[in-house]
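Asks: Take this structure first; my questions come after.
The values are calculated or read from the model by the stated rules, or taken from the named source; none is laboratory data. Everything numeric here is computed off the predicted structure, so don't read it as measured data. Using ideal geometry, Cβ is built from the backbone for each residue, glycine included, and neighbour counts are taken over all protein chains shown.
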Amino acid sequence: MQNKPLILAHRGFSGKYPENTMLSFEKAYEYGADGVELDVQLSKDGIPMIIHDSAVDRTTNGSGKISDLSLKEIRFLNAAATFTQFGKQTIPTLEEYFEWVQNKRFITNIELKTYEDEYEGIEQKVIQLINQYDMAEKIVLSSFNYQTIARVKTLAPRLKCGFLTIDYQTLEQAKEFIPDLLIEQLTLNVPSRLIDYAEALGVEYLHPNYRSFSPDTAKQITDRGLGINIWTVNEESDMQQLLTDNVNSIITNYPDRLKSVMNKEKA
Ligand code: G3P
Ligand code: MG
């Protein structure tokens, strides 16, 4: 029997609402997603903040790197600056998000964004917050930086983790940020090596990009007992295809669309 994959809203319900804001997380919850994927980096004063880019320029009315801005400075910014209809949205702290989510049945995939800036100590800070809010059972930590995941597994072996992999096109753009990671692993070109590494560290999931993923890759991964959380699937045809593969969750900007595709399949 096919497993029904979980719906994880990518950066919250980012297809319709400002990404990585409390509004986008609340809307994902409201529309029936099973959880969200969100990105975490550290402010200048070492606070885990929820933001995708290492700089605030694209998504806010400010400029500069997150690591050069204090929490106080970051809180002045409007994370909905490119939208006119939602009023001001702040860049959330991870703690603010945990306050909101802690008593909900809602999964959180925290992507640790450590490929441009290593953010020394980020693993410890995030783990400390997860423990403080008793969130361990509802969290999956992922990263393109496998050293980050190795550190998490050393500090907190029972926290569930995933290795992110990318497609060739994205790799070309991202190469300069990830020079020391093996290309064939990141692109799932040689999945067995990545699976060996995941097994050695006790990592539970691979997070492949859907463009470099096939039923054959899925089988190789699941045969070895690892789970699959796939990103970022926004087209109905791709969603339909993936429902026939054995994936644990599908990360999408459109949780509403995925839900209706899943309902149609059921009918
Ligand atoms: O975690 C899946 C996906 O979010 C990875 O890429 O750039 O959207 O954070 P990105
Ligand atoms: Mg992400």
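Asks: Every residue in segment 80-123 that is within 12 Å of Met49 (Cα to Cα), in contact with an Asp or Glu (Cβ under 9 Å, 6 or more places away or on another chain) and within 16 Å of ligand 2 (Cβ to nearest atom), please.
Replies: Result: Ile110, Glu111, Leu112, Lys113.
Asks: Could I ask something else about it? Taking the condition of being in contact (Cβ under 8 Å) with a residue 40 or more places away in the chain and within 23 Å of Leu186 (Cα to Cα), how many residues in segment 127-144 meet it?
Replies: The first filter runs over segment 127-144 and keeps only residues in contact (Cβ under 8 Å) with a residue 40 or more places away in the chain, leaving 129, 138, 140, 142, 144.
Within this subset, residues satisfying the condition of being within 23 Å of Leu186 (Cα to Cα) are 140, 142, 144.
Going through segment 127-144 one residue at a time, the tally reaches 3.
Asks: Let me ask another. Of Lys44, Lys72, which residue is more than 20 Å from Thr232 (Cβ to Cβ), surrounded by fewer than 16 Cβ atoms within 10 Å (Cβ to Cβ) and either among the basic types (Lys, Arg) or within 16 Å of ligand 1 (Cβ to nearest atom) (or both)? Talk me through it step by step, then tell me what you get.
Replies: Numbers: Lys44 fails: surrounded by fewer than 16 Cβ atoms within 10 Å (Cβ to Cβ).
On inspection, the qualifying residue turns out to be Lys72.
Asks: Could you please give the count of residues in segment 95-111 that are away from ligand 1 (no atom under 16 Å from the Cβ) and either part of a helix (DSSP H, G or I) or over 11 Å from Met135 (Cα atoms) (or both)?
Replies: First, the residues of segment 95-111 that are away from ligand 1 (no atom under 16 Å from the Cβ): 95-96, 98-106.
Narrowing further to those that are either part of a helix (DSSP H, G or I) or over 11 Å from Met135 (Cα atoms) (or both): 95-96, 98-101.
Residues flagged as away from ligand 1 (no atom under 16 Å from the Cβ) and either part of a helix (DSSP H, G or I) or over 11 Å from Met135 (Cα atoms) (or both) within segment 95-111 amount to 6.
Asks: Does segment 60-69 include one or more residues that are more than 16 Å from ligand 2 (Cβ to nearest atom) and either in contact (Cβ under 8 Å) with a residue 60 or more places away in the chain or exposed (fewer than 14 other Cβ atoms within 10 Å of the Cβ) (or both)?
Replies: In the first step, residues of segment 60-69 are kept if they are more than 16 Å from ligand 2 (Cβ to nearest atom); the result is 60-65, 67-69.
Subset that is either in contact (Cβ under 8 Å) with a residue 60 or more places away in the chain or exposed (fewer than 14 other Cβ atoms within 10 Å of the Cβ) (or both): 63, 68.
Within segment 60-69, one or more residues are more than 16 Å from ligand 2 (Cβ to nearest atom) and either in contact (Cβ under 8 Å) with a residue 60 or more places away in the chain or exposed (fewer than 14 other Cβ atoms within 10 Å of the Cβ) (or both).
Asks: Being crowded, with 16+ Cβ neighbours inside 10 Å, more than 16 Å from the chain's Cα centre (by Cα) and at pLDDT 65 or above is the filter here; which residues of segment 175-188 pass it? It would help to see each step written out before you state the result.
Replies: Taking segment 175-188 as the starting set, the residues that turn out to be crowded, with 16+ Cβ neighbours inside 10 Å are 178, 181, 185-188.
If we keep only those that are more than 16 Å from the chain's Cα centre (by Cα) too, we end up with 178, 181, 185, 187-188.
Result: Gln185, Thr187, Leu188.
Asks: Return yes when Val126 is part of a helix (DSSP H, G or I), within 16 Å of ligand 2 (Cβ to nearest atom) and either surrounded by fewer than 17 Cβ atoms within 10 Å (Cβ to Cβ) or of a type outside the set (Ser, Thr, Tyr) (or both) and no when it is not.
Replies: yes
Asks: Still on this structure, I have one more. Among Lys4, Lys27, Lys88, Lys16, which is the only one that is surrounded by fewer than 23 Cβ atoms within 10 Å (Cβ to Cβ) and part of a helix (DSSP H, G or I)? Walk me through how you get there before you give the answer.
Replies: Working: Lys4 fails: part of a helix (DSSP H, G or I); Lys88 fails: part of a helix (DSSP H, G or I); Lys16 fails: part of a helix (DSSP H, G or I).
Just one listed residue meets the conditions, Lys27.
Asks: Let me ask something else. Of all residues being surrounded by fewer than 20 Cβ atoms within 10 Å (Cβ to Cβ) and touching a strand residue (DSSP E or B) at 6+ places or on another chain (Cβ under 7 Å) in segment 223-245, which is farthest from Lys160 (Cα to Cα)? Just the residue, please.
Replies: Among those residues, the one meeting the criterion is Asn234.
Asks: Also, I was wondering about something else. For residues that are of a type outside the set (Phe, Trp, Tyr) and either more than 19 Å from Lys259 (Cα to Cα) or in contact with a helix residue (DSSP H, G or I) (Cβ under 7 Å, 6 or more places away or on another chain) (or both), scanning just segment 30-41, find the one that is surrounded by the most Cβ atoms within 10 Å (Cβ to Cβ).
Replies: We begin by selecting, within segment 30-41, every residue of a type outside the set (Phe, Trp, Tyr); these are 30, 32-41.
Of the ones still in play, those that are also either more than 19 Å from Lys259 (Cα to Cα) or in contact with a helix residue (DSSP H, G or I) (Cβ under 7 Å, 6 or more places away or on another chain) (or both) are 32-33, 36, 38-41.
Details: Gly32: 12, Ala33: 27, Val36: 29, Leu38: 27, Asp39: 20, Val40: 25, Gln41: 25.
Across segment 30-41, the extreme among qualifying residues is Val36.
Asks: Scan segment 236-246 and tell me whether some residue there is without any contact (Cβ under 8 Å) to a residue 40 or more places away in the chain, more than 16 Å from ligand 1 (Cβ to nearest atom) and outside any helix (DSSP H, G or I).
Replies: Looking for residues that are without any contact (Cβ under 8 Å) to a residue 40 or more places away in the chain, more than 16 Å from ligand 1 (Cβ to nearest atom) and outside any helix (DSSP H, G or I), one finds at least one in segment 236-246, hence yes.
Asks: Going by the conditions given, is Leu201 surrounded by fewer than 16 Cβ atoms within 10 Å (Cβ to Cβ) and either touching a strand residue (DSSP E or B) at 6+ places or on another chain (Cβ under 8 Å) or modelled with pLDDT of 85 or more (or both)?
Replies: On the way: surrounded by fewer than 16 Cβ atoms within 10 Å (Cβ to Cβ): no; either touching a strand residue (DSSP E or B) at 6+ places or on another chain (Cβ under 8 Å) or modelled with pLDDT of 85 or more (or both): yes.
It is false that Leu201 is surrounded by fewer than 16 Cβ atoms within 10 Å (Cβ to Cβ) and either touching a strand residue (DSSP E or B) at 6+ places or on another chain (Cβ under 8 Å) or modelled with pLDDT of 85 or more (or both).
Asks: So, one more: I'm trying to understand the selection: among the residues of segment 1-47, which are more than 14 Å from ligand 2 (Cβ to nearest atom) and in contact with a Leu (Cβ under 6 Å, 6 or more places away or on another chain)?
Replies: Correct list: Ile7, Tyr17, Asp34, Ser43, Lys44, Asp45, Ile47.
Asks: Also: Would you call Gly46 over 18 Å from the mean Cα position of the chain (by Cα), closer than 23 Å to Asn145 by Cα and in a loop (DSSP other than H, G, I, E, B)? If you could, list the steps in order and put the result at the bottom.
Replies: Values: over 18 Å from the mean Cα position of the chain (by Cα): yes; closer than 23 Å to Asn145 by Cα: yes; in a loop (DSSP other than H, G, I, E, B): yes.
The answer is yes for Gly46.
Asks: OK, next. Taking Asp53 as the residue in question, decide whether it is assigned to a loop (DSSP other than H, G, I, E, B), within 16 Å of ligand 2 (Cβ to nearest atom) and either hydrophobic (A, V, I, L, M, F, W, C) or without any contact (Cβ under 8 Å) to a residue 40 or more places away in the chain (or both).
Replies: Numbers: assigned to a loop (DSSP other than H, G, I, E, B): yes; within 16 Å of ligand 2 (Cβ to nearest atom): yes; either hydrophobic (A, V, I, L, M, F, W, C) or without any contact (Cβ under 8 Å) to a residue 40 or more places away in the chain (or both): yes.
Spelling it out, Asp53 is indeed assigned to a loop (DSSP other than H, G, I, E, B), within 16 Å of ligand 2 (Cβ to nearest atom) and either hydrophobic (A, V, I, L, M, F, W, C) or without any contact (Cβ under 8 Å) to a residue 40 or more places away in the chain (or both).
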